[in-house]
Amino acid sequence: MLRSIYLFVLIALLALAGVWLADNPGSVELRWSSYVIETSVIVLVAALAITALMIAILINIYRWMRASPGRLGGAFASRKRGRGLDAISNGMVAIAAGDAEGARRAAIEAERHLKGAPMTLLLAAQAAELYQDDRAAKVYYDRMAENPETELMGLRGLIALAKSANDLQGAITLATRADAFKPGTEWVLKELLDLQLKTRDYAAAAAILPKMPRGKAAKNSALPHLRAVIDYQRALTKLDTEDTLGALTLVQSAHKSDPDFIPAATLLLKLSPADRKRDKLVSAIWARTPHPDVVSMVKNLVPLESESDWLIRAKTIFGSAGGDYRYSNFALARAALDAREWGDARKYLTNLASGEPTAIVYRMLAELEEKANADAAAARNWIIKSTEAPQDPLWICNGCGRQEVKWTAHCPSCDRFDSLHWRNADRGEVDGILEAEVVQEISAVS
Ligand SMILES: [Zn+2]
């Protein structure tokens, strides 16, 4: 309201001034050097007013631009950003396709537009890795690791580089730093655990396990089994320093974590004091995991025992109910053969042969014919039959297929952790080994 009154008064004053000027036309003369400008006062006033208006407009345009630099500069920057992002996506496609040169060019283009943005560093590092230029990749990952925003991503790249250079201690240091930076990150814990196992630092590995995420992993048997294997290895370390009690505690916890883990079960038998509790443990273990390693361990529990005494003891342990009937027959047939009790041996082997005999049953039958009857021809026939029978299980590496008689935490061939599993070899794969075995057996028997 006040503003419109003010405007009205202003227009009225201007109109009055215009009328007054028209009524009183004066003249103005401007002289500059040899130029003379002659005009009326009214024209001069109009020229001044127009000039003032122009200046006001220019000042306003200048203010408007200064207040928002993004309006003009922003359009330019967003085009630059768009190009940078295009370069990054092209680079990612090149990396996925394994095109090292394409990735490198895209990384340079992205850096030109986005100068040091986290994604350009990552792209540059990955392009360098594709070029197998680990030194350049390390420089980029190092730069990422210096910035809290990209530290974890940078560390991940550095850990992978350290591992590929076989610098396991360096990788552990980096992973520990990543764990301190963001505690509880799943991939960091897994990486750290994997590295500790690779370097055989089982105590450190055991310390990581409680930090592992609960939920899915804890529900299936993987985590308890892992704990059992680690505690078993720690028990072996204690035995190396003759700390039998420490070893017993650890192997007890290993057996509790995974009662199906045979090495822990057998070591627990070995370390348990000889009392009725141990007898109960033997029955429980045999009922749950009837395994040849358990038989060997039970046999060794009584030192300097004669083969005949062992057969009597084996009959009371494996002959009673509980455990797999077939595995009991295996154990008793072996004990009878060693005790030279041919009648018993034949009885157990006939039991086994009436089921689904594996190669070892035929080999024991050959042994019986050879030792009891000195019948080399019959023995040879059983050996030939054993080559056609299904193979017996062994500790076989899931990674490289290596076959072992004894379980070890790391595969002796490919060094993979906990890869040896008690299972039947694929017949196709073991043919070569089978033939060599047969030749050996035949030459031993005849
Ligand atoms: Zn292996």
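The values are calculated or read from the model by the stated rules, or taken from the named source; none is laboratory data. Every value quoted in this text rests on a predicted model; they were computed, and no experiment measured them. In this analysis, Cβ positions are derived from the backbone assuming ideal geometry, glycine residues included, and neighbour counts consider all displayed protein chains.
A few notes on this one:
- Test: residue in region 257-264 that is within 19 Å of residue 200 (Cα to Cα), in a helix (DSSP H, G or I) and small (Gly, Ala, Ser): yes
- If you go through region 246-269 and keep only what is within 19 Å of residue 296 (Cα to Cα) and among the acidic types (Asp, Glu), you end up with just 260.
- A single entry from 412, 357 fulfils the requirement of being over 29 Å from residue 313 (Cβ atoms) and assigned to a loop (DSSP other than H, G, I, E, B): 412.
- Region 378-423: number of residues that are among the β-branched types (Val, Ile, Thr), more than 11 Å from the ligand (Cβ to nearest atom) and under 23 Å from residue 195 (Cβ atoms): 0
Yes/no per residue for (1) within 30 Å of residue 374 (Cβ to Cβ); (2) surrounded by fewer than 17 Cβ atoms within 10 Å (Cβ to Cβ); (3) touching a Leu at 6+ places or on another chain (Cβ under 8 Å):
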residue: 247; (1), (2), (3): no, no, yes
residue: 283; (1), (2), (3): no, yes, no
residue: 288; (1), (2), (3): no, yes, no
residue: 296; (1), (2), (3): yes, yes, no
residue: 306; (1), (2), (3): yes, yes, no
residue: 309; (1), (2), (3): yes, yes, no
residue: 337; (1), (2), (3): yes, no, yes
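- Subset of region 382-424 [within 14 Å of residue 357 (Cβ to Cβ) and buried (at least 18 other Cβ atoms within 10 Å of the Cβ)]: 382, 383, 386, 391
- Matching option when the condition is without any contact (Cβ under 8 Å) to a residue 24 or more places away in the chain and either more than 23 Å from residue 405 (Cα to Cα) or in a helix (DSSP H, G or I) (or both), among 311, 337, 332: 332
- Subset of region 250-277 [under 17 Å from residue 314 (Cα atoms) and at pLDDT 95 or above]: 266, 269, 270
- Restricted to region 213-229, and to residues there that are part of a helix (DSSP H, G or I), at pLDDT 65 or above and not small (Gly, Ala, Ser), the residue that is surrounded by the fewest Cβ atoms within 10 Å (Cβ to Cβ) is 225.
- Counted residues, region 348-388 - those being among the small types (Gly, Ala, Ser) and under 22 Å from residue 293 (Cβ atoms): 3
- Residue list for region 153-175, restricted to those being part of a helix (DSSP H, G or I) and of a type in the set (A, V, I, L, M): 153, 155, 158, 159, 160, 161, 162, 168, 171, 172, 174, 175
- Tally of residues being loosely packed, with under 10 Cβ neighbours inside 10 Å, out of contact with any strand residue (DSSP E or B) (no Cβ under 7 Å at 6 or more places or on another chain) and of a type outside the set (Gly, Ala, Ser) across region 21-40: 5
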